[in-house]
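Structure first, commentary second.
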């Protein structure tokens, strides 16, 4: 009988108890998942958490600098720093060319003509197409506009283009001898050609519809009006900044 | 049931301990260890030659004489009874002047080279490309986010940190550095005619650039313009790559206890065009000057 009496409440309470246990278990299981997920999240967001830690730490850093030294010492330091600032400013000012110069943007094929710090003309041009013309395993031509600072080394009125080998290769034509008449072209380069070294020129073009696009073989091509202004403004020795 | 519950409780306790361990090892220790980590900066020392020694002696004697004169000329008021507030205000002035001097000094140093360099001015919100001291391109910075680790600097160290240019170690971007097209030379005029293509404006792809510089600085450049779907995918994959690397490092530090030095970062937002121009214009190993 005793056994029977003891066993009755167990049977009656088992569904309720099982329910409570299951809720607790579910909560515990969820908590376990959250904890494990948090550990992974800490690893995942470590850079952000560390940076957040720095911001907390920065609050507690004792800034010795901010209270060290007397007022007089500070003033002296301020005066000397101001002086070195003025000196640096004047040094940087001296770097600005006194002659007009041109800035060429190869990414967007545009130019800016500057004189004494003022922009006097802006416009579009054509720059290098960034094409590699592969002739053979060993031989190739790269058509890109060089970047950096250059100097106008010559100015040619009504220039004659001496076609290089790549022109004939690109056209699928046989390469003529060096002094062949086929190489000389007196109309393609426009009214002016300003050489800035290594065979690169700022010149005119027959393909004015392609201005603003990177289509040239490395030279900077300009529209007729722009070229006229640029050629009349820049002299031998003027700077050409290409980026 | 009771056993299951006990197992669950034990697992929870273990998981909690793991979480604490992970947090302490990957976050608390690196933060606490990184106490003013960038104070031990060394100025690049130039080996003195006989000529430079003589010049330095001359200039130092001149400058000391000059300085003495100047100090006499501009007598500084000695006010020892100055309030803390005033002292701090003057110190801030000095600190800003030092930063400005560091910025100009770095730019002047770089202007002696032939390469194009990057100038990031976070005070005026401008990113510039300069060469030989001439600003060839100027772009507005639309938004800036800075690492909190930058707050750990002492002012003097911060000026020193900024005084010497940052050199690029590695860069990753969603756009190619140079959009190269490879063309095979035609065999004859017929093949050449077949190759002729009417040029069109190049497609401007979405830009996201990550640049790792010396002195552990990372500069992230993103665009303010709305991203297209391909751009989003590319940027996500780049971000995932970085995240994966940092996750692996964090995981490794759990047992190696090795930590990287503080890596301050700066995130800036530019126009798509400006970001493209800057990335393409810079040489492979460009240098950068920072003002903040």
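The values are calculated or read from the model by the stated rules, or taken from the named source; none is laboratory data. Every value quoted in this text rests on a predicted model; they were computed, and no experiment measured them. Note: ideal-geometry Cβ built from the backbone for every residue, glycine included; neighbour counts use all protein chains shown.
Listed values, structure above:
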| item | result |
| --- | --- |
| Scope the stretch B:253-277; condition assigned to a helix (DSSP H, G or I) and either buried (at least 21 other Cβ atoms within 10 Å of the Cβ) or without any contact (Cβ under 8 Å) to a residue 40 or more places away in the chain (or both); matching residues | B:255, B:256, B:274, B:275, B:276, B:277 |
| Meets criteria (within 14 Å of chain A (Cβ to nearest Cβ) and either in contact (Cβ under 8 Å) with a residue 40 or more places away in the chain or in a loop (DSSP other than H, G, I, E, B) (or both)) for residue B:250 | yes |
| Selection within the stretch A:128-149 - more than 10 Å from chain B (Cβ to nearest Cβ) and touching a strand residue (DSSP E or B) at 6+ places or on another chain (Cβ under 6 Å) | A:145 |
| Some residue of the stretch A:1-20 being at pLDDT below 90, more than 7 Å from chain B (Cβ to nearest Cβ) and surrounded by 14 or more Cβ atoms within 10 Å (Cβ to Cβ) | no |
| Enumeration of residues in the stretch A:132-157 that are out of contact with any helix residue (DSSP H, G or I) (no Cβ under 7 Å at 6 or more places or on another chain) and under 11 Å from residue A:194 (Cα atoms) | A:151, A:152, A:153, A:154, A:156, A:157 |
| Flag if residue B:142 is at the interface with chain A (Cβ under 9 Å from one of its Cβ atoms), over 29 Å from residue A:115 (Cβ atoms) and under 19 Å from the mean Cα position of the chain (by Cα) | no |
| Number of the condition not met by residue B:217 [criteria: (1) within 28 Å of residue A:42 (Cβ to Cβ); (2) more than 14 Å from chain A (Cβ to nearest Cβ)] | (2) |
| Residue among B:243, B:204, B:280 that is surrounded by fewer than 19 Cβ atoms within 10 Å (Cβ to Cβ), assigned to a helix (DSSP H, G or I) and within 10 Å of another protein chain (Cβ to nearest Cβ) | B:243 |
| Count of residues meeting criterion [within 7 Å of chain B (Cβ to nearest Cβ) and within 24 Å of residue B:255 (Cβ to Cβ)] in the stretch A:28-51 | 13 |
| Enumeration of residues in the stretch A:71-109 that are more than 7 Å from chain B (Cβ to nearest Cβ), touching a helix residue (DSSP H, G or I) at 6+ places or on another chain (Cβ under 9 Å), over 30 Å from residue B:180 (Cα atoms) and in a loop (DSSP other than H, G, I, E, B) | A:100 |
| Filter pass, residue B:98 being in contact with a strand residue (DSSP E or B) (Cβ under 7 Å, 6 or more places away or on another chain), more than 30 Å from residue A:134 (Cβ to Cβ), within 9 Å of chain A (Cβ to nearest Cβ) and in a helix (DSSP H, G or I) | no |
| Subset of the stretch B:222-240 (residues that are over 30 Å from residue A:210 (Cβ atoms) and either within 14 Å of chain A (Cβ to nearest Cβ) or buried (at least 16 other Cβ atoms within 10 Å of the Cβ) (or both)) | B:222, B:235, B:238, B:239, B:240 |
| Contacts under 6 angstrom Cβ, first residue in the stretch B:12-23 being at the interface with another protein chain (Cβ under 7 Å from one of its Cβ atoms), partner outside any helix (DSSP H, G or I), 6 or more apart | none |
| Identity of the residue in the stretch B:101-133, under 30 Å from residue A:71 (Cα atoms) and assigned to a loop (DSSP other than H, G, I, E, B), that ends up nearest to the chain's Cα centre (by Cα) | B:122 |
| Single condition residue A:112 does not satisfy, out of (1) without any contact (Cβ under 8 Å) to a residue 24 or more places away in the chain; (2) within 22 Å of residue A:195 (Cα to Cα); (3) in contact with a helix residue (DSSP H, G or I) (Cβ under 7 Å, 6 or more places away or on another chain) | (3) |
| Residue pairs meeting the criteria (Cβ under 6 Å; at least 6 apart or on separate chains; first in contact (Cβ under 8 Å) with a residue 24 or more places away in the chain, in the stretch A:220-243; second part of a helix (DSSP H, G or I) and surrounded by fewer than 23 Cβ atoms within 10 Å (Cβ to Cβ)) | A:223/A:208; A:243/B:281 |
